[in-house]
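Each remark here refers to the structure printed beneath this line.
The values are calculated or read from the model by the stated rules, or taken from the named source; none is laboratory data. All values reported here derive from a predicted model rather than from experimental measurement. We place every Cβ from the backbone using ideal geometry, glycine too, and count neighbours over all the protein chains shown. Just so you know, the surface numbers come from the protein's heavy atoms only, side chains and all, with ligands and any DNA or RNA stripped out. Shrake-Rupley method; radii C 1.70, N 1.55, O 1.52, S 1.80 Å.
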Amino acid sequence: MDTQSHPKSIELPDTVEVFGNLKNAKRFAIDIGGSLTKIAYYSTVSHRRVIYETEKEDGQSLQSADEDHRVYEVSEGARLHFVKFETKYIESCLDFVQVNLVNTRDKMIGKSIKATGGGAYKYTELLQQKLGLSVDKEDEMSCLIKGCNFLLKNISDEAFMYQRHGNPEYKFQTADPNIFPYLLVNIGSGVSIMKVESEGSYERIGGTATGGGTFWGLGSLLTKAKEFDELLELAEKGDHRNVDMLVRDIYGGDYKMLGLPGDLIASSFGKAMHCHKDRNFNADTQFSEADLARSLLFTISNDIGQVASLYAMMHKLNKVYFGGYFLRNHPLSMHTVSFSINYWSRGQVQALFLRHEGYLGAIGAFLKGAEECDADKYSWLENYAGSSGLCSPIPIQVLSTQGVPVDQLEIDRWESAVAYCPLLCDPANYVPDTVDLTQDTEAREYWLQCFEESVDKFVSRAISSQPHSLTAKERASKFKEKYVSRLYYLKHQPFAYGNLSVRSLLDTIEHCMKEFDFPDPY
């Protein structure tokens with residue numbers, strides 16, 4: 001009998017949560033940007049399922065052997081891992097990967113790593129030295145589009161509309177195989193606007209030099225903030241009305257003849273144009289750095305939104321997806337872009353964002369040439385136990401010698417493609433949940449409390465399902481710790497993994513159980 005099939009063979013999983021299952025890694029890819037780096041790899045994951053019944057030759061079932069002799073059926077699945085961290089930590093993270101490539105180091109020799117992003121050239125020698133892989137560079141834009149297509153087709157609640165202070169603020173879209181055509185607006189240092197018509201058909205139809213680099217550069221000149229995230233934090237605290245000239249500042253109220261409301265920005269930074277003419281005017285006291293940062297953010301975002309909406313209407317497209325480090329799923333940035341798109345298109349164009357927009361390039365680079373990951377042959381599901389959320393990524397320390405905060409995403413492969421049920425009247429818009437916990441605050445608090453109060457029952461059941469495992473109690477304790485931390489996280493960030501429902505909470509239990517080798521406790 002295979003030793004893995006015996007209950008006493010179950011061991012504690014690796015304690016390191018990030019870069020999980022490196023010992024079974026098969027292929028690597030990397031997307032190196034100026035500020036953030038994303039490492040992707042494919043690994044095999046073993047799943048166990050207890051065999052409760054056996055069949056006679058005549059087809060009748062028999063109860064399995066007693067608990068002392070219970071055996072497990074072992075199957076092997078596939079998982080995609082994506083880990084994101086600041087590029088300044090790239091050498092430390094590659095050292096960690098190198099040390100932990102227990103089973104695959106020799107197998108990697110002579111193979112290549114797919115690399116994209118500007119840093120693919122700068123860090124070629126480092127990648128070869130640390131991982132023993134030759135570097136196969138891939139076009140950045142084609143990787144972004146391939147990654148975007150994969151997420152839109154496979155990951156439920158990947159795309160969403162954002163309405164600041166709305167109820168709900170996040171409106172998620174169901175996964176849809178019919179995603180084309182669409183516009184992808186990638187906001188990096190500059191802005192590229194791509195029209196995507198199919199998997200292999202896309203073109204750059206426009207863009208603008210006024211992008212994230214403009215915001216960062218001018219922000220560094222106007223304020224003492226030097227880091228990108230510092231500028232965003234400043235902008236959250238500011239009031240652009242102290243710097244921008246509004247319609248009412250010129251006309252005393254609304255300009256009704258042209259349909260312009262009084263609070264509309266007439267001139268970005270318009271109130272600063274007379275600051276040097278007045279000897280008593282002190283710009284340092286009149287304009288706070290937070291006001292300047294917010295005005296600058298609005299200036300950049302409004303221009304990007306207007307350009308994107310014009311291209312969308314010109315090409316008769318109503319879906320525009322935004323990505324790039326300028327956004328980083330930051331609420332204020334998404335709000336300004338959404339407002340601009342809605343205003344200039346008069347509600348005809350949707351501004352859509354992606355939960356995992358930071359991983360597009362890494363996903364695309366990995367999928368190029370990955371035969372075992374043919375997206376059309378399988379279905380893919382996000383592993384909630386191994387993925388950080390949409391907002392305020394869960395802080396995880398990777399290295400024992402130097403703490404490196406990271407964000408991560410894990411996607412599990414199903415061996416067959418999932419299709420819509422043919423009996424549904426409108427399958428694309430069907431939602432198999434009766435209560436939306438992201439919108440119903442009272443129901444959300446009730447169900448989160450119910451699951452928290454029931455966690456000891458899950459722990460007890462998990463332990464009793466493996467009565468002769470020496471590690472069952474310790475693994476069950478770790479399961480409880482992780483699951484309860486997820487529930488607390490969802491209390492504060494209910495949108496972290498898409499629409500929150502009773503179904504998704506049950507899925508989270510299942511994923512956490514599997515992580516600690518309790519795949520079939522019931």
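Taking the Cα centre of the stretch 434-521 as origin and charging only Cβ (+1 Lys, Arg; -1 Asp, Glu), how large is the dipole, in debye to the nearest 20?
Its charge dipole is roughly 280 debye.
State to the nearest 20 debye the size of the charge dipole of the stretch 222-273 about its Cα centre, where the only charges are +1 on K and R beta carbons and -1 on D and E beta carbons.
280 debye
At a Förster radius of 56 Å, what calculated FRET efficiency corresponds to the Cβ-Cβ distance of K26 and R346, to the nearest 0.05?
The pair K26/R346 has a calculated efficiency of 0.65.
When ligands, DNA and RNA are left out and all protein chains stay put, how many square angstrom of accessible area per residue does the chain have with a 1.4 Å probe? Please list the in-between numbers first.
Working: 25790 Å² over 522 residues.
Heavy-atom SASA per residue in the chain reads 49 Å².
Largest first and to the nearest Å, give the Cα extent of the stretch 434-521 along each principal axis.
That gives 44, 22, 20 Å along the principal axes, largest extent first.
Whole-Hz ³J(HN,Hα) for each residue in the stretch 114-121, computed from phi via Karplus 6.51 cos²θ - 1.76 cosθ + 1.60 with θ = phi - 60°, x for glycine and proline: what do you get?
6, 9, 9, x, x, x, 4, 7
I'd like to know which of S504, P405, V74 lies farthest towards the positive end of the charge dipole of the chain, counting +1 on Cβ of Lys and Arg and -1 on Cβ of Asp and Glu.
P405
Amide H of G324: which non-local residues (sequence gap of 5 or more, or other chain) have their own amide H closer than 5 Å, using H built in the peptide plane?
I187
Beyond 19 Å between alpha-carbons counts as too far, so tell me which of K130/K368; K480/K514; K195/K316; K491/K514; K88/K226; K23/K130 fall in that bin.
Numbers: K130/K368 22 Å; K480/K514 12 Å; K195/K316 11 Å; K491/K514 23 Å; K88/K226 15 Å; K23/K130 16 Å.
From K130/K368; K480/K514; K195/K316; K491/K514; K88/K226; K23/K130, over 19 Å: K130/K368; K491/K514.
If the only charges are +1 at each Lys and Arg Cβ and -1 at each Asp and Glu Cβ, what is the size of the charge dipole of the chain around the Cα centre, to the nearest 20 debye?
Computed charge dipole of the chain: roughly 1400 debye.
Going by amide H atoms built from the backbone, whose H comes under 5 Å of the H on N383, apart from near neighbours?
The list, which skips near neighbours in sequence, is E410, I411, D412.
Quick one, can you get me the convex hull of the C-alpha atoms of the chain expressed as volume per residue in Å³?
Considering the Cα atoms of the chain, their hull volume per residue is 194 Å³.
At R0 = 45 Å, how high is the FRET efficiency between E474 and T124 if r is their beta carbon distance? Nearest 0.05 is fine.
Using R0 = 45 Å, I get an efficiency of 0.55.
Mind ordering 241-251, 264-274 by average Cβ neighbours within 10 Å, highest first? Working shown, then result.
Details: 241-251: 17.7, 264-274: 15.8.
Going from most to least packed, we get 241-251, 264-274.
If Y311, Y42 are ordered by their accessible area, calculated over protein heavy atoms with a 1.4 Å probe, which sequence runs from highest to lowest?
Of Y311, Y42, the descending order of accessible area is Y311, Y42.
Looking at S464, S267, H165, which one has the Cα that reaches farthest to the positive end of the dipole of the chain (charges on Cβ: Lys, Arg +1; Asp, Glu -1)?
Of the candidates, S267 comes out farthest on the positive side.
For the residue pair S454 and C425, what label-to-label distance in nm results when each label sits 7 Å from Cα along the Cα-to-beta-carbon direction?
3.1 nm
Calculate what fraction, in whole %, of the accessible area of the chain sits on carbon and sulfur atoms when a 1.4 Å probe is rolled over the protein chains. Spell out each step's value before the answer.
Details: 12570 of 25790 Å².
Whole-percent figure for carbon plus sulfur exposure: 49.
Considering the dipole of the chain built from charges on the beta carbon (Lys and Arg +1, Asp and Glu -1) around the Cα centre, which of S134, Y378, T124 is farthest to its positive end?
Farthest towards the positive pole: T124.
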